[in-house]
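Working notes, beginning with the structure itself.
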Amino acid sequence: MRLVSKSAAAARRPDGAAKSRREQLLDQAARELNSKGISMTSLTDVADKLGFSRASLYYYVEDREDLMFQVYLRSAEIMARRLGEAAHSGGGALRVVGDFISRTLDPAEPELAALSEIGLLDQAARETVLGIFEAVVARLASLLETGAKAGDIRFCDYEIVARTIISIIHSIPLNSPLALALRVTRGEIIAAAKDILANGFDSDRTREVNPPPIDFAPLLTQPGGLFDRGAQFDAKREKILAAASQLFNRRGVDTTSLDDIASAVGATKRTLYHYVGDKQTILSACYARTDRIFSFIREQAEAQGGSALETLIAVLRANAISHQRDDIEPLRSSTGYDSLSEAEKVLATERGRVLVQAYRALCREAHIERSMRDVNRDCLLLFMRGAGSWLAKGLVRADDQRKAKIAAEIADLLRLGLNPL
């Protein structure tokens with residue numbers, strides 16, 4: 001990709017009409033990327049929805065990769081601008097965070113693309129976008145640290161909390177189908193995000209909640225002995241699915257080839273066909289595996305016999321840990337959904353519905369036992385899904401101790417909020 005291209009040159013032109021049409025294009029493309037991913041986003045479809053001709057479309061972008069670069073770059077720049085505006089609006093750190101949330105999630109403003117497939121950009125383009133994005137993370141973390149020193153917010157790991165706040169913001173447009181199913185409006189989401197990120201959902205923020213960590217060992221298939229061919233087969237199949245899930249999370253489904261998956265596990269395409277099947281079969285198996293992982297986590301958390309609050313925290317932490325482990329990493333929510341067959345979409349939707357209902361029941365139980373204060377629990381479900389989604393992008397690598405710290409900070413942000421304790 002040429003970073004100084006005809007599309008970039010067009011973006012710098014002072015002509016107001018040209019700028020307006022370019023913004024229309026990038027707004028629509030951001031919505032398409034969030035809902036479908038780059039592989040399922042057709043330039044023709046984008047042009048048709050806007051009433052653009054093919055010729056006029058290529059006046060602004062060179063190809064789909066250039067479109068993705070421009071959308072991601074613009075989203076990072078908008079987020080940086082919104083944070084700057086919030087910081088200059090005055091008030092303490094908590095007010096700045098609330099204003100930042102309001103500005104970025106305002107339905108009247110352009111939809112931000114979530115950078116879900118940034119790994120597909122070439123190195124120069126990726127570094128350009130990530131340079132702006134990481135500057136936003138650093139500035140928000142600095143604002144949080146300053147706020148903690150001034151007594152406006154509680155002490156925490158400012159970088160993790162900054163990434164989690166941004167992750168929640170990015171996840172809202174991605175989870176629009178769930179928001180629609182839960183019947184929550186964007187206004188309710190903004191109000192709930194500001195409330196929960198300020199005050200948490202725990203009815204007693206002074207209590208200590210530290211459930212035992214979930215042991216993932218029973219979830220992993222062991223290779224077995226030399227003559228245990230069944231266990232060896234299952235272990236190799238699991239290794240393939242774990243690698244495929246990670247690649248699908250980073251690069252999308254259609255842009256990940258069987259050769260990519262085979263290379264990741266040091267095998268051949270013939271090996272993939274032997275242990276799983278073609279790419280469509282692998283994707284379907286990854287969806288089933290993801291459901292198995294999250295069901296296992298919930299069941300193990302409930303088996304600990306703690307309160308509903310303790311179970312919820314155990315689930316939140318374990319979900320965050322799962323996205324950081326190469327041998328477990330599940331598919332990120334909605335990854336490759338449009339690549340599934342119609343029958344598989346129905347199955348995936350039903351699995352998701354069952355999981356959401358289980359979490360919903362857990363939150364209701366916590367409210368009944370009075371360990372959860374009166375918050376918008378449906379919006380909380382959205383934030384629970386989005387808080388750790390940044391981990392699936394592979395932008396941060398950590399040792400086991402740091403992984404546990406990240407998981408605890410994500411859970412604490414939702415449970416405690418940012419107000420001083």
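The values are calculated or read from the model by the stated rules, or taken from the named source; none is laboratory data. Note that the structure is a prediction, hence the values are computed from the model and not measured. As a convention, Cβ positions derive from the backbone with ideal geometry for all residues, glycine included, and neighbour counts pool all protein chains shown. Surface accessibility is based on the protein's heavy atoms, side chains included, excluding ligands, DNA and RNA. Shrake-Rupley method; radii C 1.70, N 1.55, O 1.52, S 1.80 Å.
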### Task
Pop a pseudo-label 7 angstrom from the Cα along the beta-carbon direction at both Gln401 and Asp215 and give the gap in nm to one decimal.
2.4
### Query
Given only helices, namely DSSP H runs of n ≥ 4 each adding -39500 (n - 2.57), what is the per-residue ellipticity at 222 nm of the chain, to the nearest 500 deg cm²/dmol?
-21500 deg cm²/dmol
### Message
If packing is taken as the average number of other Cβ atoms within 10 Å across a peptide's residues, how do 298-306, 249-257 rank, most packed first?
### Response
249-257, 298-306
#### Entry: For the range 84-100, 3J(HN,Hα) per residue [Karplus equation, 6.51 cos²θ - 1.76 cosθ + 1.60, θ = phi - 60°, Hz, x = Gly/Pro]
x, 5, 5, 5, 8, 6, x, x, x, 4, 5, 5, 4, 4, x, 5, 4
### Query
What is the distance, in nm, between label points placed 7 Å from the Cα along the Cα-to-Cβ direction at Thr128 and at Ala361?
5.1
### Task
Whole number in Å², please: accessible area per residue of the chain, 1.4 Å probe, ligands, DNA and RNA not counted.
44
### Protein accessible area in the chain, 1.4 Å probe - carbon and sulfur %
51
### Ordering of 326-337, 379-390, 208-219, 56-67 by burial proxy (mean other Cβ atoms within 10 Å per residue, highest first)
379-390, 326-337, 56-67, 208-219
### Query
Given (1) 33, 31, 19; (2) 61, 24, 20; (3) 37, 32, 19 as candidate values of semi-axes √(5λ) of the Cα gyration tensor in Å, which corresponds to the one derived from the coordinates?
(1)
## Note on the structure
Whole-Hz Karplus couplings 3J(HN,Hα) for the range 403-419, θ = phi - 60° and coefficients 6.51, -1.76, 1.60, Gly and Pro as x, run 4, 5, 5, 4, 4, 5, 5, 5, 5, 5, 4, 6, 6, 9, x, 10, 4
### Query
What is the range 98-213 by shape, rounded, prolate or oblate, if you read a ≥ b ≥ c off the alpha carbon gyration tensor as root eigenvalues and call it rounded for a/c under 1.5, prolate for a/b larger than b/c, and oblate otherwise?
oblate
### Query
Which whole-Hz ³J(HN,Hα) couplings does the range 325-342 yield from phi under the Karplus relation 6.51 cos²θ - 1.76 cosθ + 1.60, θ = phi - 60°, glycine and proline marked x?
9, 4, 7, 10, 2, x, 5, 5, 3, 6, 4, x, 4, 6, 8, 6, 5, 4
### Query
When only DSSP loop residues count, what GluC sites (Glu not before Pro) in the range 319-380 have their Cβ near at most 16 other Cβ atoms within 10 Å?
Glu369
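As a quick test, which of the pairs Lys239/Lys403; Lys36/Lys345; Lys236/Lys279; Lys279/Lys345; Lys236/Lys403 have an alpha carbon distance above 23 angstrom in this structure? Show your work: numbers first, answer last.
Numbers: Lys239/Lys403 21 Å; Lys36/Lys345 14 Å; Lys236/Lys279 16 Å; Lys279/Lys345 16 Å; Lys236/Lys403 25 Å.
In this structure, Lys236/Lys403 lie more than 23 Å apart at Cα.
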### Message
Once R0 is set to 60 Å, what does the formula 1/(1 + (r/R0)^6) return for the Cβ-Cβ distance between Arg373 and Arg270, expressed as a FRET efficiency to the nearest 0.05?
### Response
0.60
